[in-house]
Amino acid sequence: MKKLFLFLLIFSLFGFCFAQEDVDDDTPTVVASKGGYAEVPPAKRPKPIDKEKAAAAAEKDETPQDEENNRNTIRYGVPSEISTLLDTLLKNDDPRFTEEIYDLFQVTKSSTIKEKVLKYFTKAEDPCLEDYAVDLLNDPYDETSAVVKATFQYVSAVKTTAAIPAVITLIESENENYFNDAIATLGDIGGPEEAMFLVEYLEREDLSDAQRQTLMRNCGKMHAVETWDKLVDILDNDDENTFVRMYAAESLGLMEVEKSVPILVAHFDETDPNLRQYVIKGLSHFPNVVEAKATVIQGIRDEYWRVRQEAIRTVKENDTKDAVPYLIYRAKNDAEKVIKEESYAAIAALNTDEGNDFLITQLNDKKVADGTKKKIVEVLLKEDHAGEKEIIELAKTVAEDDKRKDLRYAIAKEMVKNYKKSYDEVAALYLQSKDSTTVSLGLDMYKQKKSSSLEAYVNTIANEKKNSSNKTRAQKLLGIEEEEEENKNADAK
């Protein structure tokens, strides 16, 4: 019996050992990525056009001929003409010409056009140029630095993981022209293996402080928890370069591992304000952790303005409504203009009764400067939660007060960004103004919706005896020039 017991005991111990070995074998080991030649993906056409964006862009055309004229510019224009047009299309987020722009890219020899087209498809996050991008990063040395930089940004935007070996090769080459962009791109498209590569690369003794800072800043983007211990060691090391420690704090937050919170909070007592600012950046990724939220709110009261700014941005992004009383105090009392303005923006975004009442009171207070009111109008119209009625009344007041032209112009520019029918009465006053800039802004407002209630005012401008840019523009908006041309052609026939 004793022999049987001993046999079973020994067997069970061996079984435990084997089982433990199996567990260890199953634990994934992250191996750092290596550089090399990146396989070029197959060519592909652009994505289908976003119909809603196309319709929104079409509304910004001044004449029915604009769309065809733009197509012809892309097909037949010189580089300077195409470059100007691409800038406009980028600004207007206009997707109507993606096919023509793609075809242009395949044949153009202009580096300027290549750069602009890459930016166009970067904004659209369209992977149609991945084959070009990977091929270029395999051998970028004969292309202009502007095109290579635009290619890195494109690869980051469309998450072209096929480019990883080429990007790592460029990092290892330590070419100053590509190092920072390559690191940033790897941070955007990489995973745990690439994060391990960066951490191991960080241990090289021949790196400059600037290179180590760039490496550290991008580690956290990959959310690679495998590097967590290493980042904590760097943050805790008082002898480490301050900027490297700052980016370690930010990276710990980017990983979104909750055990980072007490470590970050402990470092908020640091005397270096730059490190405190980056502790707030790290804590911003834990909006639902009480300790993190409380520390961020205290950051609004920090002695150093950049820490206050970071904390204000964080409570805005994280919808921390408890911060509103602190923000109101800063808006009233802060010595830094930028902090006052950030506070107004955050108060409007947080959309509390207390905050909205404060902003509207400021808007109506005659003692508050117009410069401040411009900022309040901007944030209230952007968030569109409150204050519309008060802003309309203010716009009507300044429409006839030439001493307050700056505020008049500012209100109109903000209304144009998201025009509503309720703004028509303001537009009507602007269209009847004797000030040409005010009339031009009124035409901007009319262009957004082309409300029938405003057409008579625009028609009056179009029929003025004296020629002016506003007269010409009003005629275009009403289509008068086209009608006259059609009538001439009909008469000729």
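So what is the relative contact order for the chain, in percent, with contacts set as C-alpha pairs under 8 Å and at least six apart?
8
In terms of distances greater than 22 angstrom between alpha carbons, the cross-link table entries LYS259/LYS293; LYS413/LYS466; LYS396/LYS420; LYS340/LYS373; LYS91/LYS123 yield LYS413/LYS466. Pairs of alpha-carbon atoms within less than 8 angstrom and 6+ residues apart define the contacts here; what relative contact order does the range 146-201 have, in percent? For the range 146-201, the relative contact order is 39 percent. Annotation for VAL290 and LYS449: the two label points, set 7 Å from Cα along the Cα-Cβ direction, are 4.8 nm apart.
Accessible surface ranking for TYR430, TYR457, 1.4 angstrom probe, highest first: TYR457, TYR430.
Once divided by 2.2 N^0.38 Å, the Cα radius of gyration of the range 334-462 becomes 1.08.
3J(HN,Hα) along the range 179-187, derived from phi through the Karplus expression 6.51 cos²θ - 1.76 cosθ + 1.60 where θ = phi - 60°, amounts to 4, 5, 5, 5, 4, 4, 5, 4, x Hz, with x in place of Gly and Pro. When the listed pairs LYS332/LYS389; LYS281/LYS382; LYS119/LYS337 are checked against a 27 Å cut-off, the alpha-carbon distance exceeds it for LYS119/LYS337. For the range 180-331, the calculated P(r), taken from all Cα-Cα distances in 10 Å bins from zero up to the bin holding the longest distance, is 12, 41, 32, 13, 2 percent. With protein chains left intact and a 1.4 Å probe, residues in the chain average 53 Å² of accessible area per residue.
Over the range 365-475, what is the relative contact order in percent, taking alpha-carbon pairs closer than 8 angstrom and at least six residues apart? Intermediate values should be presented prior to the final figure.
Values: 105 pairs, mean separation 21.3, N = 111.
Value for the range 365-475: 19 percent.
Quantify, in whole percent, the carbon and sulfur part of the accessible surface of the chain (1.4 Å probe; protein heavy atoms only). Of the solvent-accessible surface of the chain, carbon and sulfur hold 48 percent.
Computed on the Cα trace of the range 401-451, the radius of gyration divided by the Kirkwood hydrodynamic radius gives Rg/Rh = 0.93.
Each residue of the range 435-452 is assigned a 3J(HN,Hα), and the resulting list reads 8, 4, 5, 5, 4, 4, 5, x, 5, 4, 5, 4, 4, 5, 10, 6, 4, 5 Hz, derived from the Karplus form 6.51 cos²θ - 1.76 cosθ + 1.60 (θ = phi - 60°), x at Gly and Pro.
Packing here is the average count of other Cβ atoms within 10 Å per residue, and on that basis the peptides 332-339, 188-195, highest first, run 188-195, 332-339. Ranked by the mean number of other Cβ atoms within 10 Å of their residues, highest first, the peptides 384-395, 434-445, 214-225 fall in the order 214-225, 434-445, 384-395. With θ taken as phi - 60° and the Karplus curve 6.51 cos²θ - 1.76 cosθ + 1.60 applied, the whole-hertz 3J(HN,Hα) list for the range 328-338 is 4, 4, 5, 4, 7, 10, 5, 6, 9, 4, 4 Hz, x standing for glycine and proline. In the calculated pair-distance distribution of the range 24-142, the portion above 20 angstrom amounts to 50 percent of the Cα-Cα pairs.
At q = 0.08 Å⁻¹, what base-10 log of I(q)/I(0) does the Debye formula yield for the chain when every alpha carbon is treated as an equal point scatterer in vacuo? Those come out to -0.73, one per q.
The values are calculated or read from the model by the stated rules, or taken from the named source; none is laboratory data. Nothing here was measured: the structure is a model prediction, and the numbers come from that model. Here the Cβ is made from the backbone with ideal geometry for all residues, glycine too, and neighbour counts use every protein chain on show. All accessible areas refer to the heavy atoms of the entire protein, side chains included, with ligands and DNA or RNA removed. Shrake-Rupley method; radii C 1.70, N 1.55, O 1.52, S 1.80 Å.
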